[in-house]
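Step one of this worksheet: look at the structure below.
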Amino acid sequence: MPKHLPVLLLACLPLLAVAQDDPVERLLAQMTLEEKIGQLSQLTIQSTPTGPVIDQGEHTQMPVTLLGSVLGADTAQQTRQLQEQVVNGSRLHIPLLFAYDVLHGFRTVFPVPLALASAWDPDLAQRTARAAAVEATASGVHWTFAPMVDIARDPRWGRVVEGAGEDPFLGSALATALVHGFQGAGAPDVSSMLATAKHFVAYGAAEGGRDYNVADLSERTLREVYLPPFEAAVAAGVGAIMPSFNEVAAVPMHSHTKLLTALLREQWGFAGLLVSDFNAVWELAQQGIASTQADAARLAFNAGVDIEMASQSYRQHLATLVRKGQVSRKNVDDAVRRVLKAKQRLGLFDDPYRYSDEARERASQLTPQHRALAREAAQKSIVLLKNDSALLPLSKQPGKVLVVGSLASDASATIGPWSGAANPEDSVTVLQGIRNAVAPGTEIVYLPGASPTSPATPNITQVEQTARSSDVLIAVLGETAEQSGEAHSRAELGLPGGQAALLHTLLNTGKPLVILLMNGRPLVLDASVQQAPALLETWFLGSETGNAVADVLFGDINPSGKLPMTFPRHVGQIPIYYAHKNTGRPPSGDGSFASAYIDVPWTPLYPFGFGLSYTSFSYSSPRLSTTRLASTQTLEVEVTVTNTGKRAGDEIVQLYLRDDVASVTRPVRRLRGFRKIHLAPGESRSVSFFLSQQDFALLDEHFSPKVEAGGFTVFVGPDSTTANQAHFEVSDTRRLSDDQVDRR
Ligand code: BGC
């Protein structure tokens, strides 16, 4: 052995030289343990009259300059000032990373993610994320805590508003698009920012829809439903991942070694940053698996969490844990290396201030181009749920119009939760949008009538009288921005506050009534809402809300959105989603002794994928390139879609697949393709989808990927209930390797 030593040393020399040349390795070699741990800590800032200061928390003894990243700074001036403080005040001059929750815009606000998912348009999603990144990076923000890629099948959970809804295939497509949009071309582009896929994982499975609650789900559901969008984000090169607050089957995600290290790092090869959620390391004690903060730090770090956000267990205890041998020095070095490499990739070692650019900030935020994109995205996110007797679109000379509902003039509702650094005053309300759109001289009367936050119905008699003398009523009903989002779960999903009473009054007048829904989740739209002839789901659409709503109301734009989440008839149906299993007693026929309810239909009010248009479309039967194929072959599925109405319009063509008989039970159908097409009146277009082993595959009872011989049914149509189908067979059974599987 010893005689080989010099040879080995010689062989290592080039590597040593590379390490010496690499600024990251050079820094690592110089850093003290405390300096390293500083890089693994993230604190939030507070604004004070004298400028921003870092909240050091109650117990820390470590100086502010020993810090790797800061959450919440949002102007070029503020980020520059903090950067100067840390770069000049620290021994090794390591710049900070500035993080922020840029979910659906920064100063210009785009539709909330659930709304944007209704556009079924990954390219559009990518463009909005790009624009948000351009704005945020100019203010010095390097890192966004987005996209939120949690699948959500329980609308009681307030955070459904932050994600793409119930389906892993649509969710994965949007996760990929958003990661690409935020991260852009990558360094040296100064508008490229680090994206974070969050919250890993099964946060959307919180029991009872109660935020932060435990998730207790099968390994299959985890793998088939909740993990795929994260895997897509990793494949798209996402820079960071944030574990979720919840536990999965008794193991809190912030100490879940199997999922954070074995799956994410080792199996998926994720090399980016793992950043804790806010205080979540410290919360391991509340969850009952750590008795001290030191314990919490040890558990989280050893499970794989690189950076602790907000709570300061790492700053307090990691050094001692290393010295006691309870945390490995090598693992600390690896985590610090990941942080330094992220800084290096963003170009911060060349110029720590390159992102904080006041001139760029002035030139790039709320630009006409970004507002135009916000309007386009908002138009495409609107879903027409009902339009009896073609009440919509309205004429631009509609006679006297009564607009009611406090949300109509509520600018902060337009921007929804997690609205970045936006100012509600920069938003166009629904009322302003309607006023902008109608012909001069049109009489628009606005009376709030009711709000979602109070049972009162102010001036209800005046509302009724004005309604009776009006030609059309527009009621803006739903939720305020604060009624959905984090920690805003609801047990009842009807119209809150005095809105139901207001609606009752309006319906009694018998006047034509359009309901514009503003909300961050599927609502339960009861019989009175369904009495209205026209219903538009407008979610929270962002800075251009009012203009986009008016574009659709008055017919300049034909609505094309489709629901990314099922709308239940009743809270008691939750969870309700289209990709359910059949059971041994599927609900059909008269429903007796079937998997149904005796008091409410088992079907949803509006299914996943549903949305109407001002025109109509017809579908041909699906044409298959073959009805029997080998597992290695590709199947082409083609349909012809025709615009059978009188207006041009966009249709989102959806393809679903069912594995008819398999070794494990399969969902009744799964989305496997979608395409948005534009058709002039009378125009027909053929649309092709290609299905292959990735679509046919399942995880067998041992979770090994496999295509099984047998029959499949493919459905192509306008929503998840389409019966437009064809049948084919795969002739052979074949195991797939992990990298042959697309788990969306
Ligand atoms: C949320 C995260 C968010 C973080 C920082 C937490 O409460 O769960 O989604 O990124 O705060 O604002």
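Kindly indicate the residue of segment 259-279 that is within 16 Å of the ligand (Cβ to nearest atom) and closer than 16 Å to THR196 by Cα and also nearest to the chain's Cα centre (by Cα) among those meeting that condition.
Looking at residues that are within 16 Å of the ligand (Cβ to nearest atom) and closer than 16 Å to THR196 by Cα, I get ASP277.
I want to confirm something. Restricting to segment 82-95 and keeping residues that are of a type in the set (A, V, I, L, M) and either in a helix (DSSP H, G or I) or without any contact (Cβ under 8 Å) to a residue 40 or more places away in the chain (or both), which single residue is nearest to the ligand (Cβ to nearest atom)?
Filtering segment 82-95 for residues that are of a type in the set (A, V, I, L, M) and either in a helix (DSSP H, G or I) or without any contact (Cβ under 8 Å) to a residue 40 or more places away in the chain (or both), the one nearest to the ligand (Cβ to nearest atom) comes out as LEU82.
Counting only residues that are part of a loop (DSSP other than H, G, I, E, B) and of a type outside the set (Phe, Trp, Tyr), which one in segment 259-279 is surrounded by the fewest Cβ atoms within 10 Å (Cβ to Cβ)?
For segment 259-279, the residue satisfying everything is GLY269.
Which members of segment 97-127 meet the condition of being buried (at least 24 other Cβ atoms within 10 Å of the Cβ) and away from the ligand (no atom under 16 Å from the Cβ)?
Passing the criteria: THR108, VAL109, PHE110, PRO111, ALA115, LEU116, ALA117, SER118, ALA119, TRP120, ASP121, ALA125.
Restricting the search to segment 441-492, which residues are open to solvent by 10 Å² or more (accessible area, probe 1.4 Å), of a type outside the set (Gly, Ala, Ser) and part of a strand (DSSP E or B)?
Listed by number, the residues that qualify are ILE444, VAL445, TYR446, LEU447.
More than 21 Å from ALA297 (Cα to Cα), modelled with pLDDT under 95 and of a type outside the set (Gly, Ala, Ser): which single residue out of THR60, THR48 fits that description?
It is THR48.
Any residue at all in segment 586-600 that is buried (at least 17 other Cβ atoms within 10 Å of the Cβ), out of contact with any Ser or Thr (no Cβ under 8 Å at 6 or more places or on another chain) and under 22 Å from GLY711 (Cβ atoms)?
No: zero hits.
Enumerate the pairs (first residue in segment 270-292 and over 19 Å from GLN316 (Cβ atoms); second residue anywhere and among the acidic types (Asp, Glu) and assigned to a loop (DSSP other than H, G, I, E, B)) with beta-carbon separation below 6 Å, excluding pairs fewer than 6 apart on the same chain, so at least 6 apart or on different chains.
LEU273/ASP306; LEU274/ASP306
Can you name the condition, by its number, that VAL134 falls short on among (1) away from the ligand (no atom under 16 Å from the Cβ); (2) of a type in the set (Val, Ile, Thr); (3) open to solvent by less than 10 Å² (accessible area, probe 1.4 Å)?
(3)
Which one of the conditions (1) out of contact with any His (no Cβ under 9 Å at 6 or more places or on another chain); (2) open to solvent by 50 Å² or more (accessible area, probe 1.4 Å) does PHE674 fail to meet, given that it meets all the rest?
PHE674 satisfies every listed condition except (2).
Has segment 218-229 got at least one residue that is closer than 18 Å to ALA99 by Cβ and open to solvent by less than 10 Å² (accessible area, probe 1.4 Å)?
Checked against the condition, which is being closer than 18 Å to ALA99 by Cβ and open to solvent by less than 10 Å² (accessible area, probe 1.4 Å), segment 218-229 yields no hits at all.
Assuming LEU495 fulfils every condition listed in (1) touching a Gly at 6+ places or on another chain (Cβ under 8 Å); (2) without any contact (Cβ under 8 Å) to a residue 60 or more places away in the chain; (3) surrounded by fewer than 18 Cβ atoms within 10 Å (Cβ to Cβ) apart from one, which condition is it?
Only one criterion is unmet by LEU495, namely (3).
Note down all Cβ pairs under 7 Å where the first residue falls in segment 726-742 and is more than 27 Å from ALA235 (Cα to Cα), the second is of a type outside the set (A, V, I, L, M) and in a helix (DSSP H, G or I), and they're at least six residues apart or on different chains.
Going by the 7 Å Cβ cut-off, the qualifying pairs are VAL730/PHE696.
Of all residues in segment 317-344, which are open to solvent by less than 40 Å² (accessible area, probe 1.4 Å), over 35 Å from the mean Cα position of the chain (by Cα) and among the small types (Gly, Ala, Ser)?
ALA319
Just checking, does segment 416-429 include any residue being open to solvent by 60 Å² or more (accessible area, probe 1.4 Å) and within 16 Å of the ligand (Cβ to nearest atom)?
Yes, segment 416-429 contains at least one residue that is open to solvent by 60 Å² or more (accessible area, probe 1.4 Å) and within 16 Å of the ligand (Cβ to nearest atom).
Go through segment 623-729 and tell me which strands (runs of 3 or more DSSP E), entirely inside it, have 1 or more residues that are of a type in the set (Ser, Thr, Tyr).
Passing ranges, in order: 635-643, 649-659, 684-691, 710-717.
Find the residue count for segment 178-226, including only residues that are assigned to a helix (DSSP H, G or I) and either within 16 Å of the ligand (Cβ to nearest atom) or under 16 Å from VAL160 (Cβ atoms) (or both).
Of the residues in that region, 11 qualify.
Please determine whether any residue of segment 150-159 is modelled with pLDDT under 95, more than 14 Å from the ligand (Cβ to nearest atom), of a type outside the set (Asp, Glu) and open to solvent by 20 Å² or more (accessible area, probe 1.4 Å).
no
Looking at HIS180, HIS256 in this structure, which one is at pLDDT 95 or above and surrounded by 24 or more Cβ atoms within 10 Å (Cβ to Cβ)?
Result of the check over HIS180, HIS256: HIS256.
Which residue pairs have Cβ atoms closer than 9 Å, lie 6 or more positions apart in sequence or on different chains, and pair a first residue in segment 379-391 that is touching a residue at least 60 places away in the same chain (Cβ under 8 Å) with a second residue that is among the acidic types (Asp, Glu) and open to solvent by 30 Å² or more (accessible area, probe 1.4 Å)?
If the second residue must be among the acidic types (Asp, Glu) and open to solvent by 30 Å² or more (accessible area, probe 1.4 Å), the pairs left are GLN379/ASP556; LYS380/ASP650.
Among the numbered criteria (1) in contact with a strand residue (DSSP E or B) (Cβ under 7 Å, 6 or more places away or on another chain); (2) under 27 Å from SER395 (Cα atoms), which single criterion is violated by GLN531?
Of (1) in contact with a strand residue (DSSP E or B) (Cβ under 7 Å, 6 or more places away or on another chain); (2) under 27 Å from SER395 (Cα atoms), only one is false for GLN531: (1).
Inside segment 280-300, can you point out the residues that are more than 14 Å from the ligand (Cβ to nearest atom) and either open to solvent by less than 10 Å² (accessible area, probe 1.4 Å) or part of a loop (DSSP other than H, G, I, E, B) (or both)?
Within segment 280-300, LEU284, ALA285, GLN286, GLN287, GLY288, ILE289, ALA290, SER291, THR292, ALA296, ALA297, ALA300 meet the criteria.
Out of (1) away from the ligand (no atom under 16 Å from the Cβ); (2) assigned to a loop (DSSP other than H, G, I, E, B); (3) buried (at least 23 other Cβ atoms within 10 Å of the Cβ), the odd one out for VAL305 is which?
(1)
The values are calculated or read from the model by the stated rules, or taken from the named source; none is laboratory data. None of these values were measured; they are calculated from a predicted model. In this analysis, Cβ positions are derived from the backbone assuming ideal geometry, glycine residues included, and neighbour counts consider all displayed protein chains. With ligands, DNA and RNA removed, areas are computed over all heavy atoms of the protein, side chains included. Shrake-Rupley method; radii C 1.70, N 1.55, O 1.52, S 1.80 Å.
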